[in-house]
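These notes are about the structure you will find just below.
The values are calculated or read from the model by the stated rules, or taken from the named source; none is laboratory data. Computed from a predicted model, the values in this text were never measured in an experiment. Cβ: placed from backbone, ideal geometry, glycine included. Neighbour counts: every protein chain shown.
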Amino acid sequence: MTTELPAAEDQPRLDRLSAGLILACAVIAVLPLLARGNSCGHDFDFHLQSWMEVAHQWREGVWYPRWFDAANYGAGEPRLLFYPPLSWIAGGGLGTLLPWNVAPFAYVFLAFAGCGFSAFLLAREWLPAAPARLAACMYLANPYLLFVAYERGAFGELLAAVWIPLVMLFTLRRRAALLPLSLAIAAVWLTNAPAAVMACYTAALLAVLTAVQLRQWWPVVRVAFGSVLGIALAGFYVVPAAFERRWVEIDRAIGSGMRVEDSFLFGHTGEAFHDQVLRTASWIAVALLALAALAAWRALASKDAVDLSRSLAVLLVVIAFLLFPFSEPLWRYAPELKFLQFPWRWLLVAGASGAMLVGIAVSQSLSRLKQNWLRASIPLALAALLAGCATKVYWQPCDDEDAVVAQVATFRAGAGFEGTDEYTPRGADNTAIQRGLPPVRFLARAGDDAAESSVEPNPEWKGSDSPAQEAQVEIRDWNAAHKSFSVHASRDGFAVLRLLDYPAWGVRVNGVAIPARPHRSDGLMTIPVTTGISMVEVLYESTADIDWGWGASLAALLVLIALLVMGKRWQKLRIS
């Protein structure tokens, strides 16, 4: 016989004191950024550039961008198709409303605040308000999330941290939760793919543990159905990203230094930057897991939420197992797990579990404190201490070219940015793409005027030796999703575009589709043109996989609406 989870003193709700305290902790967590300026973490450039591209394409009328035009020095890449949309939509929206040097501050603050509110809802399901507030502030200001925000600049993962406590909440809830669970799973898939993989595995483990405790199958069935429904809701992103992986060099995301086996705790590869980041992440893991273990010991000894404490403790043991080399076979064979790249990414889940265990462990002690100001001062002091450490340990200075002002100037000048290896179309060498290329060149042979990447990556274009006077090129339209131009040539030749060829690009010359095109080593689109005038149109088209993705999302939405309408009939079943 298992111990039933006790309910909190009231139904979960967000009172003004709790909301104010969470917002105050979020402000404290971003104070170092306000004091010292943006922290140019490892992925800061990647996200800021994506946000600027999205805002630019919105102004061009492209409401859901997939092609990142500024990558590869103007040749583009399908980054926005593969990277989940919620983070770049949020960043693009903030950059549209606010100055670009302010947008990262606002993004980090909103992400921290969201983490606090979601963790509060998780804790408040079982705990009184005071320990729930402590758990919420501990989660939003825990060392790993500060590491993600400051040193890594991994804004997608930071935003995904908002959804992790909600996935845990609706997995563990002993009453109707199928619909909110599916929405939480959809949200995390639309925010960050590695976090989504962790969320699904976490939900599965917690469901199995709950089923064992209750000796009933409904927790497992609910998570299975909710996961399928949630992934289907996110189908407009998931299906194209999964299908089109065959069109890009996606395996370059897990190359040397980016593989799981390179990043177990306190590992050593000999690459200074990698080993320094791994060492920092390893000490964060030690601190988080040690605190969580102490809290679990105290929580299991109390009478509060015993079953919940056991489930969270088991989850932390599994996470600790995954951080060491003896777990490598699991990483190799478990579906999609290897694409987490870094085992220490599981600290995202460990932070939520540890914060919850701390709340359970100190619940009775906080209840004895009668003054609200004293209860509130504890999480505020904790957030201040952790944020103060973050500014000394994690904050990254910006080089001149990484500063927001410099990147905005580069983007507006149209010079473009370095590409992303894993989003490079198959067969293309993105390091051979020259900087400063014109939109279209007329060449006598398809492979002319190419750079040798082994000599110098992405060299500056110095002009073509091909007889450009033999053709006149007139650009009619040149934006991210549509390009049109005319070539008036005195001989047959090739129009080579400053554009990476990709299966989603549809090409027409004088109204006739050109599906087969010559291949260049740098992967730039090469279109045969004949003597005379050739009217060329290049359009980023909706491929079949995109249509399938939207179909999956629409079907899942209809199922969701049907379940909502039938909700009253499902009230007797906890699976709902």
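Before moving on, here are some points about what is shown:
- Among the residues of this structure, Leu323 does not count as one that is of a type outside the set (Gly, Ala, Ser) and touching a residue at least 60 places away in the same chain (Cβ under 8 Å).
- Looking across region 248-271, the residues that are more than 25 Å from Arg426 (Cα to Cα) and not acidic (Asp, Glu) come down to Ser263, Phe264, Leu265, Phe266, Gly267, His268, Thr269, Gly270.
- Among the residues making up region 26-68, a single one is touching a Cys at 6+ places or on another chain (Cβ under 7 Å) and either under 24 Å from Tyr423 (Cβ atoms) or at pLDDT 95 or above (or both): Cys40.
- When each of Ala141, Ala187 is tested for being small (Gly, Ala, Ser) and farther than 19 Å from Gly354 by Cα, the lone residue that passes is Ala187.
- Residue pairs meeting the criteria (Cβ under 6 Å; at least 6 apart or on separate chains; first at positive phi, in region 428-441; second assigned to a loop (DSSP other than H, G, I, E, B) and at pLDDT below 95): Gly436/Trp461
- The criterion of at least 2 residues that are within 25 Å of the chain's Cα centre (by Cα) and more than 21 Å from Leu169 (Cα to Cα) is met by the following helices (runs of 4 or more DSSP H) wholly inside region 253-371: 272-301, 306-322, 328-333.
A quick yes/no check of all residues on (1) surrounded by 20 or more Cβ atoms within 10 Å (Cβ to Cβ); (2) at pLDDT below 90:
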site: Glu336; (1), (2): no, yes
site: Trp344; (1), (2): yes, no
site: Val358; (1), (2): yes, no
site: Arg368; (1), (2): no, yes
site: Pro379; (1), (2): yes, yes
site: Thr391; (1), (2): no, yes
site: Thr410; (1), (2): no, no
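- All of Pro439, Pro425, Pro459 fail the test of being under 22 Å from Val248 (Cα atoms) and either out of contact with any Leu (no Cβ under 6 Å at 6 or more places or on another chain) or not charged (D, E, K, R) (or both), apart from Pro425.
- Any hit, region 105-112, residues being assigned by TED's automatic domain parsing to the domain that holds Ile231, buried (at least 20 other Cβ atoms within 10 Å of the Cβ), assigned to a helix (DSSP H, G or I) and in contact with a Pro (Cβ under 9 Å, 6 or more places away or on another chain): no
- Residue check for Ala242: surrounded by fewer than 20 Cβ atoms within 10 Å (Cβ to Cβ), small (Gly, Ala, Ser) and under 23 Å from Trp346 (Cβ atoms): yes
- Subset of region 418-433 (residues that are over 23 Å from Glu537 (Cα atoms) and either among the small types (Gly, Ala, Ser) or assigned by TED's automatic domain parsing to the domain that holds Asp69 (or both)): Gly419, Gly427, Ala432
- Matching residues in region 26-54 - criterion: being free of Cβ contacts under 8 Å to residues at least 60 places away in the same chain and over 23 Å from Asp400 (Cα atoms): Val54
- Filtered by the rule that a residue be farther than 26 Å from Met356 by Cβ and not in a helix (DSSP H, G or I), region 79-104 gives Tyr83, Leu98, Pro99, Trp100, Asn101, Val102.
- Every residue from region 528-543 that is touching a Pro at 6+ places or on another chain (Cβ under 8 Å) and of a type outside the set (Val, Ile, Thr): Pro528
- Subset of region 203-212 that is surrounded by fewer than 23 Cβ atoms within 10 Å (Cβ to Cβ) and small (Gly, Ala, Ser) - its residue that is modelled with the highest pLDDT: Ala204
- Residue selection: Leu229 fails the criterion of being in a helix (DSSP H, G or I) and in contact with a Gly (Cβ under 8 Å, 6 or more places away or on another chain).
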